[in-house]
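One structure is given below, encoded as structure tokens.
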2 protein chains.
Amino acid sequence: MSVRFRKLALIGIGLIGSSIALAARRQRLVDSIAIATRRPETLAEARGLGLGDIYTLEAAEAVRGADLVILCAPVGAYGALAASIAPALEQGAILSDVGSVKAHVLKVVGPHVPDGVHFIPGHPIAGTEHSGPAAGFAELFAGRWCVLTPAPGVPPAQTERLAAFWREMGSMVECMDAAHHDMVLAITSHIPHLVAYNIVGTVADLEADTQSEVVKFSASGFRDFTRIAASDPVMWRDVFLTNREAVLEMLGRFLEDLSVLQRAVRTGDGARLEALFTRTRAIRRSIIDAGQETAAPDFGRSHEAPPVPASAFLRDHGGGDDA
Amino acid sequence: MSVRFRKLALIGIGLIGSSIALAARRQRLVDSIAIATRRPETLAEARGLGLGDIYTLEAAEAVRGADLVILCAPVGAYGALAASIAPALEQGAILSDVGSVKAHVLKVVGPHVPDGVHFIPGHPIAGTEHSGPAAGFAELFAGRWCVLTPAPGVPPAQTERLAAFWREMGSMVECMDAAHHDMVLAITSHIPHLVAYNIVGTVADLEADTQSEVVKFSASGFRDFTRIAASDPVMWRDVFLTNREAVLEMLGRFLEDLSVLQRAVRTGDGARLEALFTRTRAIRRSIIDAGQETAAPDFGRSHEAPPVPASAFLRDHGGGDDA
């Protein structure tokens, strides 16, 4: 089934927003693209890159006449954005987003959505640690999941239209309860990011001479944490502010488990350590079997770093970074 | 300055041991290679791969007549190994190793080392998450650091001979106090591994249906943790048993910092979260500037995964996995 929208409005044009613009254009999913963003310099950059057809600093202007509106701004800005665009939303339009949390989005945006507008929050699980309009590329979503969490009462046919849009951009689509999404993402994404930010912060507090050696010997595992911890600060601040309950729940479990490990190290309980270290290999295996990773060793990253379609294995950084 | 050894004895032939065999051969650094390992099937595998000239299940036999002996077995086996090879070590030989901890190695091996044998523990900071003799490749050490921690009284000229051996295999070499090495590696390598093992363990305890979604959405950060947590269980058990003090010290700092973050999430302290998330970018930048990483986004790993020399960016898994 082919899907086509008359006018796509992107509110925010960071990594995710610009990638949607490029992918939707390439796949001929839209007639025209309106781009709204808060900062004039970001808008100028988007215009310079030729990402859209209409450029404006007023979100309401971008959504006027649009049959698909996607919020690609930091989640913290959603409430105010929703209030400002609500009067301009067209009857029958789909309103969606790309934020990393979903229950909060339903809560703060939902009340502003007029009757006759189909509100279907979404979360493409794709990203890199880079941000801004120039960071986007059309293949970002290829082979990656996109989760949709439709508001109550949205007709299944509308959800299917949006799902088809994402599939055309290369995504695999799954519908899910928003609260469940938030719990799963808390452990797969939010806690790993929190831990990575934390360990890099611990290093930042080390004595200067030790710190320079940490940088030198970073290939020993730490380097991967710094890549994760280089993600957009505002976006991640908003993730932790808006998915608090799920993050604290999963962080509690993580800390309980870490206490057990800490005691095993302190008491020299080798059997317990080895048992855990053996068990975790099974999870790795299931991820490889699920096609979300290759079994090949991580021999390093190409210096050329071409956007790789289909086989691209990307890190999640959820929403865009500017609006 | 060219360096050449008459007979290299490798005790243990996992990832690191087999990579040394291949690199030393290719660079013509040795006349012959003797390989000793504990398990007959591993020895047969090494023989099948043509990694050496002499194959034996007796470590003492391998070291006889060797002017360079490198322990590539799990650190937990070092004490017994040192006792068994001591009588066979040749006067003037260099005895080294590749373990991820160094103070413990000096403590358990040192007392067995006869006068006239030069004991210079080493740690090549290179690796992949794969183990066994077939996992090795000659380019593993290219562009990676190797830390040497000579025992007291070793003549500098002997340390320089070993350093030259590593440089010929592509490494950059640094000498360091063993205790300082252990503290730096605790935060750059051991804590990241402990945390990765822990978070994957937390997931393993989730309800089955949630777990399958975790696997599905693993691209959101979790996948990187599972790769780290797929490392050799016995080797990592030994790391935590033998670098206990440094690990507990750094884990203490990590947990203090995490408590502060946890409170910031609980109280909704967005300013504190954003400040940390911004500060950690600077560390990332210094790692890229130090040439230990590229700025290119992590667009994914090649399915071909060719061994990449010079530009290889590898994860540390320290010692070999079998002896």
Task: Copies compared at A:Pro40 - label distances in nm, ascending, label defined 7 Å from Cα in the Cβ direction - done: 8.1
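Given a Förster distance of 30 angstrom, what is the FRET efficiency for B:Ser212 paired with A:Glu245, based on the Cβ-Cβ distance and rounded to 0.05?
Details: r = 23 Å, r/R0 = 0.75.
Efficiency, rounded to the nearest 0.05: 0.85.
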Open item on the list: Need one value for B:138-151: mean number of C-beta atoms belonging to other chains within 10 Å of its residues' C-beta atoms.
Closed with: 1
Task: Descending Cα extents along the principal axes, the protein assembly as shown, whole Å - done: 88, 43, 42
TODO: Quickly work out the A:Ala204-to-B:Glu41 label distance, labels modelled 7 Å from Cα along the C-beta direction, and quote it in nm with one decimal.
DONE: 4.8
TODO: Evaluate the distance, in nm, between pseudo-label points positioned 7 Å from the Cα of A:Glu174 and of B:Ala83 along their respective Cα→Cβ axes.
DONE: 5.2
Open item on the list: What does the structure give for B:119-125 when I average, per residue, the other chain Cβ atoms found within 10 Å of the residue Cβ?
Closed with: 1
Open item on the list: I want to verify a result. In a Gaussian network model of chain A, Cα cutoff 10 Å, which of these has the top mean-square fluctuation: A:Thr226, A:Thr56, A:Thr280?
Closed with: A:Thr280
TODO: With a/c under 1.5 counting as rounded, go ahead and sort the range A:181-289 into rounded, prolate or oblate using the C-alpha gyration tensor (a ≥ b ≥ c being the square roots of the eigenvalues; past the cut-off, prolate if a/b is larger than b/c, else oblate).
DONE: oblate
Open item on the list: Starting from a Cα-only point model with no solvent, please compute log10 I(q)/I(0) by Debye for the range A:5-177 at q = 0.08, 0.12, 0.14, 0.18 1/Å.
Closed with: -0.19, -0.45, -0.63, -1.12
Task: DSSP bridge pairs, the protein assembly as shown: antiparallel proportion in percent, nearest 5 - done: 10
TODO: Check each of the GluC sites (Glu not before Pro) in the range A:168-231 and keep only those in coil by DSSP with at most 13 other C-beta atoms within 10 angstrom; list them in order.
DONE: A:Glu207
Open item on the list: Among A:Leu255, B:Ala88, A:Ala135, which residue has its Cα furthest toward the positive end of the charge dipole of the protein assembly as shown, with +1 on Lys/Arg Cβ and -1 on Asp/Glu Cβ?
Closed with: A:Ala135
Open item on the list: If the elastic network links every pair of Cα atoms under 10 Å, which of B:Gly122, B:Gly136, B:Gly252 fluctuates the most in the Gaussian network model of chain B?
Closed with: B:Gly252
Task: Linear extension gain, B:Arg4 paired with B:Asp289, 0.36 nm per residue minus alpha-carbon span - done: 99.2 nm
- [ ] State to the nearest 20 debye the size of the charge dipole of the protein assembly as shown about its Cα centre, where the only charges are +1 on K and R beta carbons and -1 on D and E beta carbons.
- [x] 560
- [ ] Starting from 0 in steps of 20 Å, tell me what percent of the Cα-Cα pairs of chain A lands in each bin.
- [x] 30, 55, 15, 0
- [ ] Would you give the gap between the C-alpha center of the range B:171-234 and the C-alpha center of the range A:31-59, rounded to a whole Å?
- [x] 41
TODO: Would you mind working out the magnitude of the charge dipole of the range B:5-177 relative to its Cα centre, with +1 at each Lys and Arg C-beta and -1 at each Asp and Glu C-beta, to the nearest 20 Debye?
DONE: 120
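With contacts defined as alpha carbon pairs under 8 Å and 6 or more residues apart, what's the relative contact order of the range A:5-177 in percent?
Once divided by the residue count of the range A:5-177, the mean separation gives 24 percent.
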Open item on the list: What lysines does A:Lys7 reach when the alpha-carbon gap must be under 30 Å and sequence neighbours fewer than 8 apart in one chain are set aside?
Closed with: A:Lys102, A:Lys107
Open item on the list: Restricted to Cα positions, what overall size does the range A:255-294 have along the principal axes? Three whole-Å values, descending.
Closed with: 39, 20, 11
Task: Most fluctuating residue given options B:Ile20, B:Ile94, B:Ile191, as computed from a GNM of chain B linking Cα atoms under 10 Å - done: B:Ile191
- [ ] Please average, across the residues of A:269-276, the number of beta carbons from any other chain that are within 10 Å of each residue's own beta carbon, and give a whole number.
- [x] 5
TODO: Please give the helix A:270-289 orientation as an angle from the longest Cα principal axis of chain A, in degrees from 0 to 90, rounded to the nearest 10.
DONE: 30
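Values in this text are rule-based calculations from the coordinates and carry no lab data. Bear in mind the structure is a predicted one, so any value in this text is a computation, not a measurement. No Cβ is skipped: glycine too gets one built from the backbone with ideal geometry, and neighbour counts run over all protein chains shown.
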